[in-house]
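**Student:** Structure below; questions to follow.
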Amino acid sequence: MAFRLFKKSVMMVLREKKQFTVFCLMYTILIFWTSYSIELVIKTPGLGLASTSFFMALAIGIFLSLLYSWIIVRRNSRTIATLKCIGWTNKDINSLISGFILFTTFVGFFIVIEVLFHYAAFFAYIDPTTPTVPLVSLLPVCVTFIIFLFFQLSAILLANRKILKVRPIIALKRVGV
């Protein structure tokens, strides 16, 4: 049941191309920015520009996560109400919205990994005699991804609260207009 709902949520996400593209790119930039900030904090410990950049990226990341979940529920409130009318439970709808949110985050993470691998391969191809230093190593990217998953869990909790407030009567409004 859960895989089927995840598959449906992926299909719903891909239907909203503009919203998905915008938030996926924002997550990609934020994951890269946070990873790069972690890399700089590791290289130069102390409170400086790197740690300030790291905390700014975290604040923007949690804000975007909460904003994305709010936008998803707000834009799809009529769909959620219709699903409630045909018998879907709040748990099923929450699984659907959770898949929405997590899929976007996973795609952003995979884009960052892909870009970093291509970056390293490009510079290894140009000058194979010198060892290439990656722009960001894999450990900070994975740590950032785990941090962003915690942000997404808070966004899922916000979305769950909003889903509980959607009433099925919304689906029946303006039917004949």
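**Student:** Can you pull out the residues in region 110-131 that are among the hydroxyl-bearing types (Ser, Thr, Tyr) and part of a helix (DSSP H, G or I)?
**Tutor:** Passing the criteria: TYR119, TYR125.
**Student:** If you don't mind, another one. Scan region 20-41 residue by residue and report those that are touching a helix residue (DSSP H, G or I) at 6+ places or on another chain (Cβ under 7 Å) and not hydroxyl-bearing (Ser, Thr, Tyr).
**Tutor:** Result: PHE20, PHE23, CYS24, MET26, LEU30, ILE31, PHE32, TRP33, ILE38, GLU39, LEU40, VAL41.
**Student:** Are any residues in region 37-53 touching a Phe, Trp or Tyr at 6+ places or on another chain (Cβ under 9 Å) and under 15 Å from LEU139 (Cβ atoms), and if so, which ones?
**Tutor:** SER37, ILE38, LEU40, VAL41
**Student:** Separate question: Would you call SER35 touching a Pro at 6+ places or on another chain (Cβ under 6 Å) and of a type in the set (Ser, Thr, Tyr)?
**Tutor:** When the stated conditions are applied, SER35 passes them.
**Student:** If you don't mind, there's one more thing I want to ask. From SER98, SER77, grab the single residue that is surrounded by 20 or more Cβ atoms within 10 Å (Cβ to Cβ) and either touching a strand residue (DSSP E or B) at 6+ places or on another chain (Cβ under 8 Å) or among the small types (Gly, Ala, Ser) (or both).
**Tutor:** Exactly one residue qualifies, and that residue is SER98.
**Student:** Please work out if PHE109 is of a type outside the set (A, V, I, L, M) and closer than 22 Å to ALA59 by Cβ.
**Tutor:** Yes.
**Student:** Sticking with this structure for a sec: Only one of these conditions is not met by SER37: (1) buried (at least 16 other Cβ atoms within 10 Å of the Cβ); (2) at pLDDT 90 or above. Which number is it?
**Tutor:** (2) is the only condition that SER37 fails.
**Student:** If I filter region 73-91 for residues that are closer than 15 Å to LEU30 by Cβ and modelled with pLDDT under 90, do I get at least one hit?
**Tutor:** No, the conditions are met nowhere in region 73-91.
**Student:** Could you say whether any residue in region 168-175 is modelled with pLDDT of 90 or more, more than 20 Å from ALA57 (Cβ to Cβ), surrounded by 14 or more Cβ atoms within 10 Å (Cβ to Cβ) and in contact with a helix residue (DSSP H, G or I) (Cβ under 7 Å, 6 or more places away or on another chain)?
**Tutor:** Scanning region 168-175, I find no residue that is modelled with pLDDT of 90 or more, more than 20 Å from ALA57 (Cβ to Cβ), surrounded by 14 or more Cβ atoms within 10 Å (Cβ to Cβ) and in contact with a helix residue (DSSP H, G or I) (Cβ under 7 Å, 6 or more places away or on another chain), so the answer is no.
**Student:** Continuing with this model, one more query. Suppose the filter is surrounded by fewer than 18 Cβ atoms within 10 Å (Cβ to Cβ) and either under 22 Å from the mean Cα position of the chain (by Cα) or at pLDDT 90 or above (or both); does LEU116 pass it?
**Tutor:** It is false that LEU116 is surrounded by fewer than 18 Cβ atoms within 10 Å (Cβ to Cβ) and either under 22 Å from the mean Cα position of the chain (by Cα) or at pLDDT 90 or above (or both).
**Student:** If only one of SER65, SER35, SER95, SER77 is under 18 Å from THR144 (Cα atoms), more than 13 Å from the chain's Cα centre (by Cα) and of a type in the set (Ser, Thr, Tyr), which one is it?
**Tutor:** None of the others qualify; the one that does is SER35.
**Student:** Additional query: Kindly indicate whether LEU135 is modelled with pLDDT of 90 or more and surrounded by 13 or more Cβ atoms within 10 Å (Cβ to Cβ).
**Tutor:** Considered against the rule, which asks whether it is modelled with pLDDT of 90 or more and surrounded by 13 or more Cβ atoms within 10 Å (Cβ to Cβ), LEU135 comes out as no.
The values are calculated or read from the model by the stated rules, or taken from the named source; none is laboratory data. If you're wondering where the values come from, they're calculated on a predicted model, not measured in any experiment. Please note: Cβ atoms are built from the backbone with ideal geometry, for glycine as well, and neighbour counts cover all protein chains shown.
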